[in-house]
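The values are calculated or read from the model by the stated rules, or taken from the named source; none is laboratory data. Just so we're clear, the structure is a prediction, and the values are computed from it rather than from any experiment. Heads up, the Cβs are rebuilt from the backbone with ideal geometry, glycines too, and the neighbour counts pull from every protein chain shown. The area values use the complete protein model at the heavy-atom level, side chains included, leaving out ligands, DNA and RNA. Shrake-Rupley method; radii C 1.70, N 1.55, O 1.52, S 1.80 Å.
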Amino acid sequence: CFLDSMATLGLAAYGYGIRYEYGIFNQKIRDGWQVEEADDWLRHGNPWEKARPEYMLPVHFYGRVEHGATGAKWVDTQVVLALPYDTPVPGYMNNTVNTMRLWSARAPNDFNLRDFNVGDYIQAVLDRNLAENISRVLYPNDNFFEGKELRLKQEYFVVAATLQDIIRRFKASKFGSTDSVRTVFDSFPDQVAIQLNDTHPAMAIPELMRIFVDIERLPWNTAWDITKRTFAYTNHTVLPEALERWPVDLVEKLLPRHLQIIYEINQRHLDHIASLFPNDMDRLRRMSLIEEGGTKRINMAHLCIVGSHAVNGVAKIHSEIVKTQVFEDFAALEPEKFQNKTNGITPRRWLLLCNPGLAELIAEKIGEDYVRDLSQLTKLHEFVDDDLFIREVAKVKQENKVKFALYLEKEYKVKINPSSMFDVHVKRIHEYKRQLMNCLHIITMYNRIRRDPAKLFVPRTVIIGGKAAPGYHMAKMIIKLINAVAHVVNNDPVVGSKLKVIFLENYRVSLAEKVIPATDLSEQISTAGTEASGTGNMKFMLNGALTIGTMDGANVEMAEEAGEENLFIFGMRVEDVAELDREGYNAQKYYNELPELQQAVDQIESGFFSPKEPDLFKDVVNMLFHHDRFKVFADYEAYVKCQEKVSELYLNSKAWTKMVIRNIAAAGKFSSDRTIKEYARDIWHVEPSDLKIPPPNEPRDAVEDKTPNGTAA
């Protein structure tokens with residue numbers, strides 16, 4: 001979305017990353033369990049990429065540091081080559097095409113042959129795989145840090161190749177004024193901005209310092225000033241288990257010079273703190289880049305904060321938590337450094353491409369300009385009482401639902417009722433996202449139908465989908481539980497077509513493009529204070545779904561834009577969660593006081609949904625009672641009551657659709673164009689341009705007059 005917006009806004013921007021041979025695994029469901037398969041996505045070739053061997057660059061690992069009269073030298077390293085592949089990123093109808101450059105690892109041709117060749121030529125060639133493994137596979141963890149050497153190699157690999165590329169481009173540009181000896185880097189931060197997407201590229205900070213100090217021979221203070229003005233850091237999570245903390249001994253082995261530089265950065269940082277807060281040893285410990293105690297570790301978030309001129313969260317509530325809780329010591333020191341940049345999504349992919357029916361209907365009412373200026377959706381407020389428009393919006397949704405139902409029937413051989421409410425919960429499987437709470441609600445609905453089959457029940461198809469990290473046992477148990485519940489519910493003749501439960505296999509962007517336009521109800525039910533922003537929530541809002549959600553992440557701002565009465569908001573706020581933590585969360589209390597919760601939990605516990613293995617889910621139940629960090633039981637009652645309101649409104653098709661229109665009309669803020677304009681103005685200090693570059697078939701000389709003076713960027 002960000003690359004799409006940067007190109008559409010005419011920014012000279014590059015996206016850098018790794019060209020993984022195997023992306024996120026393909027998910028198969030076998031007997032209700034997740035099974036992973038390798039995603040060999042390049043098997044049939046990739047027509048959009050172009051290898052650029054002429055820009056291949058060396059990346060160094062291991063070795064040792066020599067200190068001489070001229071400074072430090074990193075020697076005896078192992079070299080891996082970074083081969084760039086370029087993918088074009090076109091802007092929307094403006095003839096601008098930017099580049100996404102992804103690096104692939106290649107062994108040098110003399111790999112294992114130059115240094116210690118013992119005559120085994122065949123083995124030496126086979127060992128080339130060791131170097132090339134760096135870009136073999138994407139680590140599939142979501143919100144979890146795993147301190148593996150290969151992962152650190154990947155992080156340094158992308159950083160080292162990218163910085164060389166940036167500096168090569170800077171030196172070649174007319175801005176890099178050169179005297180006979182060396183480049184003057186004073187203008188570097190005015191020509192280059194680097195946004196660190198989470199802490200994964202944090203090694204860029206010591207790497208740029210190494211280039212400036214060891215290679216370009218800049219004085220430390222000059223180098224540090226340039227480095228800080230170049231980098232900005234975006235934080236993406238507050239979960240402690242997700243924060244990167246690399247063991248010092250691993251960094252010392254792999255990147256010995258970088259460890260020395262990090263120590264020097266830390267020493268100067270702590271000297272500064274000590275001068276402001278004498279004798280406050282605890283503050284020094286809290287703010288250090290190095291965590292002592294047990295194995296010494298480098299706190300990469302602290303490195304990013306100290307080495308950047310701007311730090312941002314990705315939704316208002318998240319940025320507030322970053323400032324007041326996670327990094328409060330740093331924010332107290334430099335409050336002006338901390339900002340908010342609420343995430344956004346591109347309306348090109350997430351409306352025009354995936355929902356042409358709705359996009360066309362909107363264009364008929366307010367024109368086509370909204371595609372580049374999504375704030376114009378507010379014009380739809382004029383049509384909220386237009387009976388014809390209401391009917392057309394409902395009709396587009398119904399067509400999308402029928403289309404998705406047919407897809408489900410064709411691909412997964414499941415029949416669903418397109419007139420039922422499509423209640424959709426699709427995202428990575430994680431305890432904090434509380435798919436378990438949805439599961440308890442499904443069981444509650446099932447029990448209500450069985451208790452009183454004649455009672456009016458608003459038919460629902462509950463669709464849950466998402467991948468679990470392969471090593472995340474609880475997440476995999478949650479998938480199995482959902483499938484076990486689905487099996488019972490879907491085969492109970494008493495229930496019939498009133499309630500169906502589908503686990504959507506292999507959820508991914510291409511499947512999101514199909515399910516989101518067909519959704520009636522979007523589930524955004526994380527524990528308040530845990531979801532940094534979310535973007536699926538925005539995609540559903542733009543595509544005419546209503547949201548049931550907590551006051552978390554961007555849900556807060558969605559409610560602010562649309563009016564809280566136009567979302568189904570329930571449950572604890574951040575303050576309530578903090579209060580519960582203070583008094584101690586007691587799951588048993590909720591179980592004792594809520595008969596329907598008790599029944600649902602007892603059914604899971606007793607093997608009602610797993611008769612062949614009655615204690616299959618005992619780990620899940622034990623977690624819910626004794627170590628549920630995300631307090632599922634505490635929000636259960638409010639959630640179920642809120643769901644009753646949802647069903648009630650769904651019975652009134654016209655009232656429902658009017659609320660849908662109010663939501664679409666309020667979705668404009670959540671365009672990534674708005675997000676990127678804010679990054680550009682507040683952090684990168686560049687101006688977006690709406691100049692349409694002339695097409696290649698138009699003679700260039702005719703263009704010169706159209707370009708105002710001094711717009712070079």
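Per residue, region 259-358 exposes an accessible area of 41 Å² to a 1.4 Å probe, with every protein chain left in place. Quick one: helix 574-583 against the long Cα principal axis of the chain, what's the angle to the nearest 10°, folded into 0 to 90? Its long axis makes an angle of about 80 degrees.
Treating only the Cβ of Lys, Arg, Asp and Glu as charged (+1, +1, -1, -1), what charge dipole size does region 12-115 show about its Cα centre? Round to the nearest 20 debye. Don't skip to the end; give the middle numbers.
Details: 11 positive and 13 negative charges, 49 e Å.
Computed about the Cα centre, the dipole is about 240 debye.
At 1.4 Å probe radius, can you tell me the per residue accessible area of region 404-652 in Å²?
Accessible area per residue, region 404-652: 37 Å².
Roughly how many whole Å is it from the C-alpha centroid of region 391-444 to that of region 573-651? If we compute the Cα centre of each part, the gap is 22 Å.
Annotation for region 1-50 versus region 244-314: alpha-carbon center distance of 33 Å.
When peptides 655-664, 486-495, 593-602 are sorted by average Cβ neighbour count within 10 Å, with the highest value leading, the order is 655-664, 593-602, 486-495.
Summarising the label geometry, the points placed 7 Å from Cα in the beta-carbon direction at residue 65 and residue 560 lie 4.4 nm from one another. Computing FRET efficiency as 1/(1 + (r/R0)^6) for residue 497 and residue 654, where r is the C-beta to C-beta distance and R0 is 25 Å, gives about 0.60.
I'd like the antiparallel share, as a percent to the nearest 5, of DSSP beta bridges with both residues in the chain.
Details: 33 of 69 bridges.
Roughly 50 percent of the DSSP beta bridges within the chain come out antiparallel.
With all protein chains in place and a 1.4 Å probe, the accessible surface of the chain carries 52 percent carbon and sulfur. The radius of gyration of the Cα set in region 404-652, together with its Dmax, comes out at 17.1, 52 angstrom. For region 28-93, the square roots of the Cα gyration tensor eigenvalues, ordered a ≥ b ≥ c, give a/c of at least 1.5 with a/b no greater than b/c, which places it in the oblate category.
Run lengths n ≥ 4 of DSSP H only: what is the helix-derived mean residue ellipticity at 222 nm for the chain, with -39500 (n - 2.57) per run over all residues, to the nearest 500? All intermediate terms of the calculation are to be shown ahead of the outcome.
Values: 27 runs with 290 residues, N = 713.
Value at 222 nm, helices only, nearest 500: -12000 deg cm²/dmol.
The Rg/Rh ratio for region 173-341 is 0.98, where Rg is the radius of gyration of the alpha carbons and Rh is the Kirkwood radius. Over region 272-334, all Cα pairs binned in 5 Å intervals from 0 give whole-percent P(r) values of 4, 16, 25, 25, 18, 10, 3, 0, listed from short to long. By the rule of a C-alpha distance below 13 Å, with chain neighbours fewer than 8 residues away ignored, the aspartates and glutamates paired with residue 379 are 364, 368, 369.
log₁₀ I(q)/I(0) of region 451-585 at q = 0.13, 0.16, 0.19 Å⁻¹, via Debye over equal Cα point scatterers, no solvent, to two decimals? Log10 of I(q)/I(0), two decimals: -0.73, -1.06, -1.27.
Between the residues 79, 24, 95, the greatest Cα displacement towards the positive end of the dipole of region 1-138, with unit charges on the Cβ of Lys, Arg, Asp and Glu, is found for 95. For the chain, the longest principal axis of the Cα atoms and the long axis of helix 435-451 meet at an angle of about 10 degrees. Can you tell me the 0 to 90 degree angle between the C-alpha axis of helix 149-172 and the longest principal axis of the chain, rounded to 10? Helix 149-172 sits roughly 60 degrees off the main axis of the chain.
For the chain, the direction-averaged projected area of the alpha-carbon convex hull comes to 36.9 nm².
In debye, nearest 20, what is the charge dipole magnitude of the chain about its Cα centre with +1 on Lys and Arg Cβ and -1 on Asp and Glu Cβ, if you could check? Computed about the Cα centre, the dipole is about 1280 debye.
Summarising the amide proton neighbourhood of residue 569: residues at separation of 5 or more, or on other chains, whose placed amide H is nearer than 5 Å comprise 549. Summing Cβ point charges (Lys, Arg +1; Asp, Glu -1) relative to the Cα centre of region 404-652 gives a dipole of roughly 1100 debye.
The value of relative contact order for the chain, using C-alpha pairs under 8 Å at least six residues apart, is 14 percent.
What whole-number value in Å² describes the accessible area per residue of region 133-251 for a 1.4 Å probe? Numbers along the way, then the final one.
Values: 4620 Å² over 119 residues.
It amounts to 39 Å² per residue over region 133-251.
So what is the orientation-averaged projected area of region 1-138, using the convex hull of its C-alpha atoms, in nm²?
Mean orientational projected area (region 1-138, Cα hull): 14.4 nm².
Kindly provide the Kirkwood hydrodynamic radius of region 75-223 in Å, to one decimal, from all pairs of distinct alpha carbon atoms. Don't skip to the end; give the middle numbers.
On the way: mean 1/r = 0.0548 Å⁻¹.
Kirkwood radius, region 75-223: 18.3 Å.
Legend: residue pairs 401/433; 341/401; 28/631, Cα-Cα distance threshold 27 Å; pairs beyond threshold, 341/401; 28/631. Only one residue of 586, 449, 143 has its Cα farthest out toward the positive end of the dipole of the chain, where Lys and Arg carry +1 and Asp and Glu -1 on Cβ, and that residue is 449. The calculated pair-distance distribution of region 540-583 uses every alpha carbon pair, bins of 5 angstrom beginning at 0, and gives 5, 22, 29, 19, 11, 8, 5, 1, 0 percent.
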